[in-house]
Structures are given as structure tokens and as C-alpha cells.
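Below is one structure. I have some questions about it.
The values are calculated or read from the model by the stated rules, or taken from the named source; none is laboratory data. Values in this document were obtained by computation on a predicted structure and should not be read as measured data. Positions of Cβ are backbone-derived with ideal geometry, glycine not excepted, and every protein chain shown enters the neighbour counts.
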Ligand code: CO
């Protein structure tokens with residue numbers, strides 16, 4: 001028996017179930033995807049993106065990593081955002097965090113966890129920025145949960161600061177970036193009321209304008225002269 005037999009059996013039952021209700025579902029879906037939403041969430045196995053918002057295959061483009069962090073040096077995440085915005089033309093990007101996030105919790109601990117601490121540094125920065133508010137919580141769980149919210153809010157801004165979103169807005173593309181947070185205990189998603197949909201929502205320093213570039217015209221005389229010297233003389 002295959003080690004992953006349960007996985008294959010479940011898959012067969014799932015595909016058969018969908019085909020029973022909608023015989024052309026998979027053949028239609030295989031032709032194209034046109035999701036309206038890009039979801040950036042935590043890798044946590046309990047935060048099941050499509051299921052918790054009741055969307056079907058083809059309706060949600062998804063990127064997940066530990067603690068739903070977006071940094072402008074992460075080519076993986078940036079590539080997902082670029083494809084979603086420029087090719088799929090999604091209308092909404094949703095950053096979804098969750099209360100009690102293990103990644104956020106680890107970022108608050110003063111012990112080494114190994115390589116992941118480098119990733120968690122991004123959340124420590126959020127902590128540092130909001131230290132006064134966070135330290136006002138005497139209850140550790142409340143403090144963690146607030147940092148989970150603040151982390152989502154920060155990542156929403158980070159997305160808006162990327163050249164991808166800036167360019168999309170400059171080109172008048174309809175695109176909003178939202179933040180929300182999920183409660184594991186209830187299955188309920190809460191809107192964090194953080195939403196940006198145009199350049200003017202950003203701090204001035206992030207309102208990138210198109211650069212006026214000089215068209216490169218090679219100086220043909222310099223090239224001709226350089227060819228006169230050397231072994232071809
Ligand atoms: Co998490």
C-alpha cells in the first residue's frame with residue numbers, strides 16, 4: 001500500500017464528487033484561470049484559504065508563507081504579486097493573518113529558533129515600531145494577538161510600496177489591498193479596516209512617478225574610432 005494512499009483516495013473521492021455535480025468542471029477550469037483575488041496568508045495548516053471564504057478552485061490565487069510576511073527582497077512573493085496583478089489582473093489582494101500565529105509568537109520570544117529568526121526579524125521590526133502600544137498590554141495573549149493584527153496592517157502597506165502595485169495604480173488599474181485576520185477558535189474572518197486602492201493613500205515617499213529615461217543612442221564615431229585600434233589595424 002502506498003504511503004500516501006489516504007491522500008490519493010481522498011483526491012479521487014473529491015474529484016468524483018465535483019464531477020457528479022458539474023461534469024465539465026475540470027475541463028472548463030483547465031482552459032484558464034481568472035481569479036479576482038490574490039490571497040497572501042500564513043502557511044498554518046488550519047488557515048485553509050479557499051475553504052474559509054467559500055471559494056472554488058480557480059477563484060483564489062494564493063501565496064502562503066510563515067506569518068504572512070511580504071518583503072521587497074522576496075522574489076518568490078514578488079513574482080506571485082507581479083503575475084497576479086499584471087497577468088491575471090486580480091482586483092483585490094488580501095493579506096490574511098490569524099490570531100495565535102506561531103510565527104508571530106516566535107518573533108516575540110528571546111530565544112534562538114535557527115534560520116527562521118532571520119525571517120521573523122521582519123515581524124520584530126513591526127514590534128519595535130509599535131512597542132509603546134504593545135507593551136501596554138499586560139496579558140501576553142492579547143499582546144500577541146495585537147501584534148498579529150499589526151503585522152497584517154504592515155504587510156498590506158509593504159505590498160502597496162512595491163513597484164508592482166505603484167505601477168498598477170499609476171496605470172489606473174483597479175486594485176485594492178486589504179487586511180483581515182482569522183480566529184482559529186471560531187472560523188471567523190475579521191476585517192481590519194485597512195484598505196488601500198490608490199497612490200494618494202500612500203506616504204509621499206512611496207508615490208513613485210514614472211522615470212523619464214533618455215533613449216540610449218550609441219555614439220557611432222566613438223565606436224568607429226575604437227575599431228581603428230588594435231589587431232584589426
Ligand atoms: Co501563522
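Answer yes or no as to whether residue 123 is within 20 Å of residue 43 (Cβ to Cβ) and within 16 Å of the ligand (Cβ to nearest atom).
yes
Across segment 58-83, what is the total count of residues that are surrounded by fewer than 22 Cβ atoms within 10 Å (Cβ to Cβ) and assigned to a loop (DSSP other than H, G, I, E, B)?
7
While we're looking at this one, here's another question. All but one of (1) within 14 Å of residue 189 (Cβ to Cβ); (2) modelled with pLDDT of 95 or more; (3) more than 15 Å from the chain's Cα centre (by Cα) hold for residue 51; which doesn't?
(2)
Take the residues in segment 93-103 that are closer than 19 Å to residue 191 by Cβ and outside any strand (DSSP E or B), then tell me which one is nearest to the ligand (Cβ to nearest atom).
101
Only one of these conditions is not met by residue 109: (1) in contact with a strand residue (DSSP E or B) (Cβ under 8 Å, 6 or more places away or on another chain); (2) within 16 Å of the ligand (Cβ to nearest atom). Which number is it?
Every listed condition holds for residue 109 apart from (1).
Filter segment 44-64 down to the residues that are within 16 Å of the ligand (Cβ to nearest atom), touching a strand residue (DSSP E or B) at 6+ places or on another chain (Cβ under 8 Å) and free of Cβ contacts under 8 Å to residues at least 40 places away in the same chain and list them by number.
Within segment 44-64, 62, 63, 64 meet the criteria.
Right, here's the next one. Looking at 142, 154, 86, 132, which one is part of a helix (DSSP H, G or I), on the phi < 0 side of the Ramachandran plot, modelled with pLDDT of 95 or more and within 16 Å of the ligand (Cβ to nearest atom)?
154
Still on this model: Among the residues of segment 1-43, which ones are within 16 Å of the ligand (Cβ to nearest atom) and modelled with pLDDT under 95?
Those that are within 16 Å of the ligand (Cβ to nearest atom) and modelled with pLDDT under 95: none in segment 1-43.
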